[in-house]
Amino acid sequence: MKYIAPDKAKKLYDMAKGGDKSASDFLMGYMDMSDDEANAKLAQLTGEKGDDGLKSTVEFLIQDEEEAIDGYDKAIRLAQAQKQDGAVKVFEEIRKDEFDHVAKLQNLKEALKDGVGK
C-alpha cells in the first residue's frame, strides 16, 4: 500500500476540497500509479522539490518502527503474564533496538529537512 505522509495528505485533501481538480484526480488515482509516478506527481502538487519520495519513506519507516514498539510492548506484557522471563528479555532487547531505529530515522528526517542528507 502506498503511503502519503499525514501533512501531505491533509494538504492534498484541502486542495481537493477547495476545487483543485489535479489534487482530487491524484487522490482518486494514485494507488494505480507506479511509485515513481506517484512520488513525482505528489512533489509537483505539494510544491516540494527533490524529495522523490525519500521524506515520505522516512516518515513511513518511523511510523512502522513505532507500531513495532507497540507490538513489543504487548508481547512483553503477555510474556510477563505467562512468567516467560527469557522471552521478556528478548522482547525488551528488540524493543530497545526499535527505539534506536526511531532516533536514527528522526535524525535523518531532520537532516533531509535541512538539506544535509545529500
* Asked: Under 7 Å by Cβ, and 6 or more places apart or on different chains, what pairs join a residue from the stretch 24-40 that is part of a helix (DSSP H, G or I) with one that is surrounded by 12 or more Cβ atoms within 10 Å (Cβ to Cβ) and among the hydroxyl-bearing types (Ser, Thr, Tyr)?
  -> ALA38/TYR30
* Structure fact -> The number of residues in the stretch 78-118 that are closer than 28 Å to GLU59 by Cβ and in a helix (DSSP H, G or I) is 23
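Look through the stretch 26-67, keep the residues that are of a type in the set (Gly, Ala, Ser) and crowded, with 17+ Cβ neighbours inside 10 Å, and return whichever of them is modelled with the lowest pLDDT.
Of the residues in the stretch 26-67, the ones of a type in the set (Gly, Ala, Ser) are 29, 34, 38, 40, 43, 47, 50, 53, 56.
Those still in the list that are crowded, with 17+ Cβ neighbours inside 10 Å too: 38, 43, 53, 56.
Details: ALA38: 78, ALA43: 75, GLY53: 67, SER56: 77.
Filtering first and then ranking leaves GLY53.
The values are calculated or read from the model by the stated rules, or taken from the named source; none is laboratory data. For clarity, every value in this text was computed on a predicted model and none was experimentally measured. Cβ coordinates were reconstructed from backbone atoms using ideal geometry, including for glycine residues, and neighbour counts include every protein chain displayed.
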